[in-house]
Amino acid sequence: MLQPISREPGRSATSDRKHEIAQQRANLRARYQHTGSATRLLRSHSALVDQQLKLAWQRLAMPHSAALLAVGGYGRGELFPKSDVDLLILLPQPADDDLKRRLEELVGELWDLGLEVGHSVRTVAESLEQAEADVTVQTNLLEARLLRGDLALFRKFTQAIAQAIEPQDFCGKKLREQQLRHARFQDSAYNLEPNVKESPGGLRDLQNVLWISRSANLGNDWRDLVREAIITSAEARQLKRDLQLLQTLRIRLHYLAGRREDRLLFDYQTALAAELGFRDGPTRLASEQLMQRYYRVAKSVSQITAIVLQNLRTRIFPAAVSEPRAINSRFRTRNDLLEARDEQLFEDQPGAILESFLLLQQHPDLQGMSATTLRALWRARRRIDKAFCRDPLNRALFMAILRQPAGITRELRRMHQYGILGRYIPAFGRVVGQMQHDLFHMYTVDEHILKVLRNLRRFTVPDFNHEFPLASRLIAAFERPETLYLATLFHDIAKGRGGDHSALGAADARRFCQEHGLAAADTALVEWLVQNHLVMSATAQKSDLSDLGVIAAFAKCVGDNRHLVALYLLTIADIRGTSPKVWNAWKAKLLEDLFRATRRHLSGSVATVDSEVAARQADALAKLRLYGFSDDAHIALWRELDTSYFARHEAQEIAWHTRLLHYRVRPAKAVVKARLSPIGEGLQVMIYAPDREKLFARICAFFESISYNIVEARIYTTHHGYALDSFQVLDAAQKPAHYRDLIAYVEHELAQRLADSGPLPPPVSPRLSRQVKHFPMAPQVSIEPHEKREYQVLSLVAADWPGLLSRVARILAEHEVSVHTARINTLGQRAEDIFLITGNNLQDADRLLRLKEVLLAQLKA
């Protein structure tokens, strides 16, 4: 009960009531912090608001013929701390002007009391019309509860709504609605900032089950569903435990955020973990432990609700039962579903568990498993123990699943959904729901692994050959592709253990392959792929691929064509499986260039620098002749270029530069030219100008100002002191561009900036993402001699933020350090940049140390 409080002098009655409600809410929060009972808080909060609404209705003398209804979540008595108070004001006929005024006064007072009201005013007929047009409205009204007013009108309303709901239509629409909602979250509960209400496995999935059962008069709560044999007592108990955690998280999110916030944002994960008693461990943060708990609950909800929804569909859509068709002595098909002939099959013959997934692959016309078979599978999953995993028959069945021509991704995902995959491969079970705070993985470890597998399998589908033509051709000719799938399953499986996850995972992979009878060569390949799955990406994105020594060293690492092809395919699939934002055309080009150069080397076509340069020059001249250039048009420019220029630029770039500069080898002002990048994404920009201090910094500052990311910079100085620089740039926002206008803008504005001899523009203040703020990474800076002794190699690893490269360029310029090449590798929100640099200060140990300290200080921003 609300306790009256004394009124302060000068305060209005409404102000007193608002203060009273706020105090009562604060008391509820304090009691909740003490007891931790989510159910009690939600009911108590609903009761508190009920009383205030009833008092306001009575105080304003609302007509007896009308009714005040609680709907939605508030209607079922679950009012979260910062959720809207959803109301329906039900009228016997449309409101006249006087009633409209009184209703406006009512709603205004409710807002004045601090109640966040979402309301509608309708007659019964209008409510029916809205419900028939929108299943969301229909759902909202399904849980209506009378607060005050005409009971007869309320009964008429509930009867009308019940009669208007056609269970089959309602069920179909709610299932479609859930499918679309899941699609908004990439059909995954394992995003790093999930929505505890809307994400797959969240509160909405549980509510959807009860809405569908209620519409068909099969029950209003889990006890009813147990009585109807739609759900077992054990499943109901598990769902209630899962519901408690989800409600707890949502309540605490509302309190922490001070508003309606249903997303487990990075901003709140650490505080939530502390409130729930999690503590940092040696290998995992408290927040990571909390999130793993959440992901496992979401997975449990998804598993059980899938079974329950299938049972509900069977009840609501009592299709004509077709005659079963035998598959073998253990399984049959009925109504396009796989069905165990005996509900005790999986308990009595556990090997049939893996066989069921194999049969779904071999019979693609099947839509899944029957409800009884799913439940039997769920109950029997604990039969997958050490003895099960050692059984040669089960090992053969698992390998048969990986060797099927189709359905591999679908069935491994299904095995994961029902807890089978993590029990068969215990190391995989340990990474289920494990977060990755490396600033570029968007998914948990298990979800990332399955996305990489999906990417590999996508290469095999003819309809998608246009996406990665080379990868599609390579995998089509790759013998025993199950080795790729095994390497995928194990490549990140050792994350979170401490130590080198590649080495630990390789040991797990070797043991698994040996136990599953793979040939020695295939076992060695899988182990090697897991151990080296990061090597090709690092080489392509951090090394100078025009350096024949780099190609030779990488070729020695891979050893033969089969290892090269396997690593190339796994690398593409792996990068694309980290986050939709990490992959781009520039990374694709680097990897393909490295693949082709290495393949030539392995085939015995070992080039020398001189032969490579001669070939590029000949190719460039041939391209120039296509434009009508004379045989000697290039001479004036080329005499100012040395071998390193031709070694580091492709023939098409050399020809492009020559076409633009052959008649103005010594311009007084900067020449800036841009074109659509040959890689098919972004721009390629050439700058040709008298060399001077801070030129690289000015260029970086310009691209920063237009929100373009530099992915590669090749800095070259001619014999006669001109900078001939080439930049590959990509739009940071990836928004559609009118390239003709953009190219004109870049050419004009950058030339104007370079003509300015004044000081550099002030650096942009860094705007850190929420993930970087709450899970900062320690920056790393190293400066080491290059194998070609005239250079030093500057390596930076840091959290990425707008203006990072520009700030680094500014620091290098201030320390009189020249940049010759820059390889800018952005992985989500993590930057891994490599620079070839020179400068007298690099030879002095004290100045070199000072440079490192300054860079580290700036990268911590």
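The values are calculated or read from the model by the stated rules, or taken from the named source; none is laboratory data. Everything quoted here is computed from the prediction, not taken from an experiment. Note that each Cβ is placed from the backbone with ideal geometry, even for glycine, and that neighbours are counted across all protein chains shown. In case anyone asks, the SASA skips ligands and DNA or RNA and just uses the protein heavy atoms, side chains included. Shrake-Rupley method; radii C 1.70, N 1.55, O 1.52, S 1.80 Å.
Points worth noting:
- Going through (1) part of a helix (DSSP H, G or I); (2) touching a residue at least 60 places away in the same chain (Cβ under 8 Å) one by one, Ser579 falls short only on (1).
- Residues satisfying the stated conditions in segment 546-576, i.e. among the small types (Gly, Ala, Ser) and either in contact with a Lys or Arg (Cβ under 7 Å, 6 or more places away or on another chain) or touching a residue at least 60 places away in the same chain (Cβ under 8 Å) (or both): Ser546, Gly549, Ala566, Ala573
- Scanning segment 376-403 for residues that are over 22 Å from Arg511 (Cα atoms) and open to solvent by less than 30 Å² (accessible area, probe 1.4 Å) gives Ala376, Leu377, Trp378, Ala380.
- Of residues in segment 44-86 being under 14 Å from Val117 (Cβ atoms) and acidic (Asp, Glu), the one farthest from the chain's Cα centre (by Cα): Asp50
- Hey, Ile715 farther than 30 Å from Ala633 by Cβ and not polar (S, T, N, Q) or not: no
- In segment 596-619, residue most open to solvent (accessible area, probe 1.4 Å) [restricted to those that are touching a Leu at 6+ places or on another chain (Cβ under 7 Å) and closer than 20 Å to Gly559 by Cβ]: Arg599
- Against the list (1) at pLDDT below 90; (2) within 21 Å of Ala540 (Cβ to Cβ); (3) open to solvent by less than 30 Å² (accessible area, probe 1.4 Å), the condition Ser726 fails is (1).
- Number of positions in segment 536-575 that are open to solvent by less than 10 Å² (accessible area, probe 1.4 Å), small (Gly, Ala, Ser) and either over 27 Å from Arg830 (Cβ atoms) or not in a helix (DSSP H, G or I) (or both): 1
- Within segment 583-611, the residues that satisfy the criterion of being among the acidic types (Asp, Glu) and under 23 Å from Ser677 (Cβ atoms) are Glu592, Asp593.
- Residue match in segment 639-648 (condition: touching a Lys or Arg at 6+ places or on another chain (Cβ under 7 Å), open to solvent by 30 Å² or more (accessible area, probe 1.4 Å) and free of Cβ contacts under 8 Å to residues at least 40 places away in the same chain): no
- Filter pass, Thr270 being open to solvent by 10 Å² or more (accessible area, probe 1.4 Å), of a type in the set (Val, Ile, Thr) and part of a helix (DSSP H, G or I): yes
- Selection from segment 780-820 of residues that are assigned to a loop (DSSP other than H, G, I, E, B), in contact with a strand residue (DSSP E or B) (Cβ under 9 Å, 6 or more places away or on another chain) and at pLDDT 90 or above: Val817
- In segment 840-861, the residues that are open to solvent by less than 80 Å² (accessible area, probe 1.4 Å), of a type outside the set (A, V, I, L, M), out of contact with any strand residue (DSSP E or B) (no Cβ under 6 Å at 6 or more places or on another chain) and in contact (Cβ under 8 Å) with a residue 24 or more places away in the chain: Asn841, Gln858
- Extreme residue, surrounded by the fewest Cβ atoms within 10 Å (Cβ to Cβ), among residues of segment 576-592 that are closer than 18 Å to Asp800 by Cα and of a type outside the set (A, V, I, L, M, F, W, C): Pro580
- Segment 470-506, subset modelled with pLDDT under 95 and open to solvent by 60 Å² or more (accessible area, probe 1.4 Å), residue nearest to Leu421 (Cα to Cα): Arg497
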